[in-house]
Amino acid sequence: MSEPSFPPPVLILTLPGLPGQTLAAALGRNPVGYDLPELNLEQAPSTDQLQRDLIGFRGMQILGLMRAVAQLYGGEQSGIAVEMARRWLNARAHLPTAHVAREIAAHIAPRRMIAPVTAALFDRLNLKHLLTIFPEAVYVQLTVHPLTYGKLLARMEIGDVMLTITGAIDETVEPAEPDPQQLWLMAQTALDEVAAQIPGDRFLTQDAAQLASDPRAALGALAGALGMPADASALKAMLDPEASVFAGPGPLGAPIAGNIQGFSRLAKDFAAIA
């Protein structure tokens, strides 16, 4: 079986709580891009294993994949389309997750797959698997100052829950407290290891605060660095990430909300912690 062909995907490496899916959605509005939710296919070597692992409290991690398959192969995001997506995935249970990821990227071609990656930052085996799934991918790290990151999480209703789930706890105090700086350090350490394995021209960075304060300049520069159109028409489209089909809540069977914000809201969030 020949390998499907597709342009190099763009993967947004982002800490929980940062606007990684917003950036993916913005780039996906580019004429040559197509954004997806977080797929998490790198979290298991086989599709069968992925389905058996992502259950219980981890079950939400497969919902982005369900929404993506429903939209791409069913043409809509509905309860019926999600059931079709589950059958689609079951039919590929014998295949490696790498095959499924490449099949999705080829289905999107000639447009370029743009997707956020968050959960993999906390498991080195998953990160290593991600690098082998898409060996030609371009990575964009969404960066943030650790103190700014702590302030962002403090404003989020589920900020402490995210810290507890990831094990970012300061046990030097009594009682132990969630520690956003520890979460930042955990992810940054993993990102540094990833960056060391990728050629410099395929590993880019984008400051989250700069994206929020001047999205036009940030997206124009980033699109240019990625070899994507950055003319007035492309910029106008990219400045409307909420137009993504994955913005807002998902359908019955995959209700996870698309964490996609408009840039005016994003600017207010960062201005509030400045």
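Once each part is reduced to its C-alpha centroid, what is the distance from segment 205-274 to segment 53-111 in angstrom?
24
Within a Cβ distance under 9 Å of Ser244, other residues only, what is the Lys/Arg minus Asp/Glu net charge?
Within the 9 Å Cβ shell, the charges total -2.
Taking the structure as given and computing Rg/Rh (Cα atoms, Kirkwood Rh), which label from (1) 0.95; (2) 0.98; (3) 1.01 fits?
The calculated read-out lines up with (1).
Per residue of segment 254-259, in order, report the coupling 6.51 cos²θ - 1.76 cosθ + 1.60 (Karplus, θ = phi - 60°) as ³J(HN,Hα) in whole Hz, putting x for Gly and Pro.
Going residue by residue, I get 8, x, 4, 6, x, 7 Hz, with x marking Gly and Pro.
What's the local net charge at Ile273, with K and R +1, D and E -1, over the other residues with C-beta under 14 Å away?
+3
Evaluate the distance, in nm, between pseudo-label points positioned 7 Å from the Cα of Ile198 and of Ile80 along their respective Cα→Cβ axes.
If labels sit at Ile198 and Ile80, their model points lie 4.0 nm apart.
For a protection proxy built on the mean count of beta-carbon atoms within 10 angstrom, sort 120-131, 12-23, 184-195 highest first, please.
Ranking the peptides 120-131, 12-23, 184-195 by packing returns 12-23, 120-131, 184-195.
Where only protein heavy atoms count, and the probe is 1.4 Å, what is the accessible area per residue for segment 56-142 in Å²?
41
So what is the calculated 222 nm ellipticity per residue for the chain, using -39500 (n - 2.57) for each DSSP H run with n of 4 or more, over all residues, to the nearest 500 deg cm²/dmol?
Rounded to the nearest 500, the figure is -14000 deg cm²/dmol.
Using only the Cα atoms of segment 187-274, what semi-axes does the equivalent ellipsoid have when each is the square root of 5 times a gyration tensor eigenvalue? Give whole Å, largest first.
For segment 187-274, the ellipsoid semi-axes come out as 24, 20, 17 Å.
Given H placed 1.01 Å from N in the peptide plane, which residues other than close sequence neighbours of Leu204 have an amide H under 5 Å from its amide H?
Tyr139, Val140, Gln141
Give, as a single signed number, the net charge of other residues whose beta carbon lies under 14 Å from the beta carbon of Ala212, with Lys and Arg counted +1 and Asp and Glu -1.
So the surrounding residues net to +2.
Tell me, what HN-Hα J-couplings in whole Hz come from the Karplus equation 6.51 cos²θ - 1.76 cosθ + 1.60 at θ = phi - 60° for each residue of segment 201-211, using x for Gly and Pro?
6, 10, 9, 10, 10, 9, 5, 5, 5, 5, 4
Tell me, what is the FRET efficiency for Gln181 and Gln49 to the nearest 0.05, using R0 = 41 angstrom and their Cβ-Cβ distance as r?
According to the calculation, E is roughly 0.75.
The values are calculated or read from the model by the stated rules, or taken from the named source; none is laboratory data. Note that the structure is a prediction, hence the values are computed from the model and not measured. Heads up, the Cβs are rebuilt from the backbone with ideal geometry, glycines too, and the neighbour counts pull from every protein chain shown. Just so you know, the surface numbers come from the protein's heavy atoms only, side chains and all, with ligands and any DNA or RNA stripped out. Shrake-Rupley method; radii C 1.70, N 1.55, O 1.52, S 1.80 Å.
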